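Q: Structure in structure tokens, see below.
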Amino acid sequence: MPGSERVEKPLLEVLAGTSHTPPPVWMMRQAGRHLPEYLELRSRAKDFLDFCYSPSLASEATLQPIRRYGMDGAILFADILLVLDALGLDVRFEKGVGPLVQRIEAASDLTRTTHTKAIDRLSPVFETVIRVKRSLPETTTLIGFAGAPFTVLLYAIEGRGKTDKATARSWIYEKPDEMRAALNEIVEITALYMKAQVEAGAEALMIFESWAEGLADDVFRELVIAPNAALVSRLRELDVSVPIIGFPRGAAGMLGSYVAETKVTGVGLDTAVVPSDVARDLPPEFPVQGHLDPLLLRAGGARLVARVRELLAAYAGRPHIFNLGHGVLPDTPIPHVELVLKTIRDGA
Ligand code: CP3
């Protein structure tokens, strides 16, 4: 058949404001260490950065959870810290430690290389997108992503993720001009990076603001809302028209303001979000994604099934993409993921 028929992609339809029963589903970190086939693939690359910059390995890792589970969304296999590597900072992933990043002292530490060179360094990622797109089932949506400016910057200021984040959060009080300039740098390179992902074939974008929790409301506006809004607006200015999902993890009482002020198309809800607050704080037609507890997914059992049903009921009638409240944990049993999918799809 000639490719003239428009194929329905449930995930894109939900982001366009139509609710689906059952909802489309995918899971953050669906590719990765809980899958034996990922561990096998991972052993073929020298280190994690090499893995991310290898289109054959990264495209295969993107597709593995699609083949195994038939997820409605395929998340590009890459990492939010690639942007810092592309900007010329030393980024390493140490086994058992997590990411280690060369620390910056000033916004000018982010301008060592040109945008052209940075995007060039990221070009294997765009090749990954092209390859995935070729092999994706026609109802599956390919989601590109990047870290949100503050979350990415936090790694460059703190040097690692497992800290109390106080140094990065204090910049807005102690050197606000430096903080705003640094955020602007990340906004621009991230917009160019995401635009290139869309040009290569990404059909939706997600912005991971993984470290938005615990901020004072005025600081949340400056570190989270303003840079996310600037990124969305810059993408639109660059003619990127695909839907954009924001994920302000830990936004709590600021969720409504985040949605109203950033102009994201949909919002990823974290584990701690209260469904009745969503009903109160977000417009009824606004698409949401989330938010099963990854710890419950790992634990499994009757409580898992009950909670999946509870979430389905809570968001019935609203455009909803089923997902977790954060990423799949590495020791999550595969049958638990299958149980969630069965519960959603059987509508039982
Ligand atoms: O299925 C997917 O989601 C695949 C793509 C993906 C990865 N990282 C692969 C990865 C995505 C979307 C990310 C985003 C990411 N990376 C975030 C935002 C989402 C979140 O979890 O809050 C953050 C904060 C990072 C930074 C990062 N990368 C950390 C903190 C770590 C170490 C922790 C860990 O899980 O090991 C990574 C490494 C990483 N990124 C792995 C994977 C599969 C593990 C690397 C390995 O295989 O050893």
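The values are calculated or read from the model by the stated rules, or taken from the named source; none is laboratory data. Remember, it's a predicted structure, so these values are computed and weren't measured experimentally. No Cβ is skipped: glycine too gets one built from the backbone with ideal geometry, and neighbour counts run over all protein chains shown. The area values use the complete protein model at the heavy-atom level, side chains included, leaving out ligands, DNA and RNA. Shrake-Rupley method; radii C 1.70, N 1.55, O 1.52, S 1.80 Å.
Q: Taking residue 46 and the conditions (1) out of contact with any helix residue (DSSP H, G or I) (no Cβ under 7 Å at 6 or more places or on another chain); (2) under 26 Å from residue 194 (Cα atoms), which numbered condition does it fall short on, given that it satisfies the others?
A: Failed condition: (2).
Q: Further question: Taking the stated definitions as given, is residue 175 at pLDDT 95 or above and surrounded by fewer than 19 Cβ atoms within 10 Å (Cβ to Cβ)?
A: So residue 175 fits the description; yes.
Q: For region 248-267, name all the residues that are open to solvent by less than 10 Å² (accessible area, probe 1.4 Å), within 13 Å of residue 148 (Cα to Cα) and in contact (Cβ under 8 Å) with a residue 60 or more places away in the chain.
A: The answer is 248, and nothing else.
Q: Please enumerate the residues belonging to region 83-101 that are touching a residue at least 40 places away in the same chain (Cβ under 8 Å) and in a strand (DSSP E or B).
A: 91, 92, 93, 98, 99, 100, 101 - these are the residues of region 83-101 that are touching a residue at least 40 places away in the same chain (Cβ under 8 Å) and in a strand (DSSP E or B).
Q: Please indicate, with yes or no, whether at least one residue in region 107-125 is open to solvent by 70 Å² or more (accessible area, probe 1.4 Å) and either closer than 30 Å to residue 69 by Cα or within 16 Å of the ligand (Cβ to nearest atom) (or both).
A: No, every residue in region 107-125 fails to be open to solvent by 70 Å² or more (accessible area, probe 1.4 Å) and either closer than 30 Å to residue 69 by Cα or within 16 Å of the ligand (Cβ to nearest atom) (or both).
Q: Check 104, 80 and return the single one that is assigned to a loop (DSSP other than H, G, I, E, B), within 14 Å of the ligand (Cβ to nearest atom), touching a residue at least 60 places away in the same chain (Cβ under 8 Å) and not charged (D, E, K, R). Steps first, answer last, please.
A: Working: 104 fails: within 14 Å of the ligand (Cβ to nearest atom).
80 is the lone residue from the list that is assigned to a loop (DSSP other than H, G, I, E, B), within 14 Å of the ligand (Cβ to nearest atom), touching a residue at least 60 places away in the same chain (Cβ under 8 Å) and not charged (D, E, K, R).
Q: Still on this structure: Tell me, yes or no, whether region 102-110 has at least one residue that is touching a Phe, Trp or Tyr at 6+ places or on another chain (Cβ under 6 Å), within 25 Å of residue 222 (Cα to Cα) and modelled with pLDDT of 95 or more.
A: Taking region 102-110 as the starting set, the residues that turn out to be touching a Phe, Trp or Tyr at 6+ places or on another chain (Cβ under 6 Å) are none.
Within region 102-110 (the criterion being touching a Phe, Trp or Tyr at 6+ places or on another chain (Cβ under 6 Å), within 25 Å of residue 222 (Cα to Cα) and modelled with pLDDT of 95 or more), the answer is no, since none of the residues qualifies.
Q: Can you tell which of 171, 211 is under 14 Å from the mean Cα position of the chain (by Cα) and aromatic (Phe, Trp, Tyr)?
A: Numbers: 171 fails: under 14 Å from the mean Cα position of the chain (by Cα).
The unique qualifying residue is 211.
Q: If residue 60 satisfies every condition in (1) within 30 Å of residue 267 (Cα to Cα); (2) more than 9 Å from the ligand (Cβ to nearest atom); (3) part of a helix (DSSP H, G or I); (4) touching a residue at least 24 places away in the same chain (Cβ under 8 Å) but one, which is the exception?
A: For residue 60, the failing item is (4).
Q: Give the number of residues within region 63-77 that are of a type outside the set (Gly, Ala, Ser) and more than 12 Å from the ligand (Cβ to nearest atom). Spell out how you get there, then give the answer.
A: Looking only at region 63-77, we keep the residues that are of a type outside the set (Gly, Ala, Ser), and these are 63-69, 71-72, 75-77.
When the remaining residues are screened for being more than 12 Å from the ligand (Cβ to nearest atom), the result is 67-68, 72.
Number of matching residues: 3.
Q: (1) farther than 14 Å from residue 232 by Cα; (2) open to solvent by less than 10 Å² (accessible area, probe 1.4 Å); (3) touching a helix residue (DSSP H, G or I) at 6+ places or on another chain (Cβ under 8 Å): which one isn't true of residue 185, the others all being true?
A: Result: residue 185 fails condition (2) only.
Q: Among the residues in region 25-39, are any within 12 Å of the ligand (Cβ to nearest atom), assigned to a helix (DSSP H, G or I), open to solvent by 20 Å² or more (accessible area, probe 1.4 Å) and modelled with pLDDT of 95 or more?
A: The answer is yes; a qualifying residue exists.
Q: Looking only at region 216-252, filter to residues that are outside any helix (DSSP H, G or I) and away from the ligand (no atom under 16 Å from the Cβ); which one of those is farthest from residue 264 (Cα to Cα)?
A: The qualifying residue farthest from residue 264 (Cα to Cα) is 216.
Q: Could you check region 211-261 and list, in sequence order, the residues that are more than 17 Å from residue 282 (Cα to Cα) and of a type in the set (D, E, K, R)?
A: Selection gives 213, 217, 218, 221, 222, 234, 236, 237, 239.
Q: Further question on the same structure: Taking region 141-171 only, how many residues are open to solvent by 10 Å² or more (accessible area, probe 1.4 Å) and not in a loop (DSSP other than H, G, I, E, B)?
A: Residues in region 141-171 being open to solvent by 10 Å² or more (accessible area, probe 1.4 Å) and not in a loop (DSSP other than H, G, I, E, B): 9 in total.
Q: Turning to a different aspect of this structure: List the residue pairs whose Cβ atoms are under 6 Å apart, where the first residue sits in region 43-54 and is within 11 Å of the ligand (Cβ to nearest atom), the second is part of a loop (DSSP other than H, G, I, E, B) and of a type in the set (Asp, Glu), and the two are 6 or more positions apart or on different chains.
A: 52/79
Q: Another question about this same structure. Closer than 23 Å to residue 27 by Cα and either touching a Leu at 6+ places or on another chain (Cβ under 7 Å) or free of Cβ contacts under 8 Å to residues at least 12 places away in the same chain (or both): is that true of residue 203 in this structure?
A: Numbers: closer than 23 Å to residue 27 by Cα: yes; either touching a Leu at 6+ places or on another chain (Cβ under 7 Å) or free of Cβ contacts under 8 Å to residues at least 12 places away in the same chain (or both): yes.
Taking the combined requirement at face value, the residue satisfies it.
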